[in-house]
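Q: The following block contains the structure, expressed as structure tokens.
The values are calculated or read from the model by the stated rules, or taken from the named source; none is laboratory data. Computed from a predicted structure; not experimentally measured. All Cβ positions, even for glycine, are placed from backbone atoms using ideal geometry, and neighbour counts span all protein chains on display.
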């Protein structure tokens with residue numbers, strides 16, 4: 001059961017950062033365990049109602065796109081990769097202390113390759129990189 005941010009005086013983002021499932025989901029995402037990370041992100045997404053919901057959904061869609069790629073479902077991968085990239089464009093670039101700009105750029109490269117039916121060979125897999133703490137407070 002997630003922490004109740006109202007009782008603790010935390011914001012939704014702080015509440016998610018305190019939830020061990022987010023760290024586990026990020027680790028699974030970064031190790032390419034798309035199905036397992038999907039389970040964690042989906043659970044968090046279902047429990048989130050505020051501004052972090054689209055962030056979780058965008059990351060989730062990119063993970064599921066990669067799962068579709070592993071299963072040979074190019075059409076499904078293309079659709080979900082596009083939805084994930086589009087959703088993350090409207091999110092704060094450093095939400096959940098993650099570099100969503102780097103994630104979006106990587107996912108966009110993969111999306112363009114899929115759209116133009118080019119090989120994904122040589123393109124990096126998406127990663128969830130932590131934002132350097134000093135970047136969060138620089139205007």
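Q: For region 61-71, state whether one or more residues are under 11 Å from the mean Cα position of the chain (by Cα), buried (at least 20 other Cβ atoms within 10 Å of the Cβ), in contact (Cβ under 8 Å) with a residue 40 or more places away in the chain and farther than 28 Å from residue 119 by Cα.
A: No, region 61-71 contains no residue that is under 11 Å from the mean Cα position of the chain (by Cα), buried (at least 20 other Cβ atoms within 10 Å of the Cβ), in contact (Cβ under 8 Å) with a residue 40 or more places away in the chain and farther than 28 Å from residue 119 by Cα.
Q: What do you reckon, is residue 36 out of contact with any strand residue (DSSP E or B) (no Cβ under 7 Å at 6 or more places or on another chain), part of a helix (DSSP H, G or I) and more than 15 Å from residue 120 (Cβ to Cβ)?
A: Numbers: out of contact with any strand residue (DSSP E or B) (no Cβ under 7 Å at 6 or more places or on another chain): yes; part of a helix (DSSP H, G or I): yes; more than 15 Å from residue 120 (Cβ to Cβ): yes.
It is true that residue 36 is out of contact with any strand residue (DSSP E or B) (no Cβ under 7 Å at 6 or more places or on another chain), part of a helix (DSSP H, G or I) and more than 15 Å from residue 120 (Cβ to Cβ).
Q: Which of the residues belonging to region 43-52 are in contact with a helix residue (DSSP H, G or I) (Cβ under 7 Å, 6 or more places away or on another chain) and not in a helix (DSSP H, G or I)? Break it down into steps so the answer makes sense when it comes.
A: Start the filter on region 43-52 by keeping residues that are in contact with a helix residue (DSSP H, G or I) (Cβ under 7 Å, 6 or more places away or on another chain), which leaves 43-45, 48, 50-52.
Once the filter is applied, which keeps residues that are in contact with a helix residue (DSSP H, G or I) (Cβ under 7 Å, 6 or more places away or on another chain) and not in a helix (DSSP H, G or I), region 43-52 yields 48, 50, 51, 52.
Q: Output the number of residues of region 5-42 satisfying the condition of being in contact with a helix residue (DSSP H, G or I) (Cβ under 8 Å, 6 or more places away or on another chain), surrounded by fewer than 15 Cβ atoms within 10 Å (Cβ to Cβ) and modelled with pLDDT under 90.
A: Total meeting the criteria: 1.
Q: Further question: Quick check, is residue 102 under 15 Å from residue 26 (Cβ atoms), out of contact with any strand residue (DSSP E or B) (no Cβ under 8 Å at 6 or more places or on another chain) and buried (at least 21 other Cβ atoms within 10 Å of the Cβ)? Step through it out loud before you land on a result.
A: Working: under 15 Å from residue 26 (Cβ atoms): yes; out of contact with any strand residue (DSSP E or B) (no Cβ under 8 Å at 6 or more places or on another chain): yes; buried (at least 21 other Cβ atoms within 10 Å of the Cβ): no.
Criteria not met by residue 102.
Q: Let me ask something else. Any residue that is within 20 Å of residue 87 (Cβ to Cβ), without any contact (Cβ under 8 Å) to a residue 24 or more places away in the chain and under 10 Å from the mean Cα position of the chain (by Cα) - is there at least one of those in region 31-46?
A: Among the residues of region 31-46, at least one is within 20 Å of residue 87 (Cβ to Cβ), without any contact (Cβ under 8 Å) to a residue 24 or more places away in the chain and under 10 Å from the mean Cα position of the chain (by Cα), which makes the answer yes.
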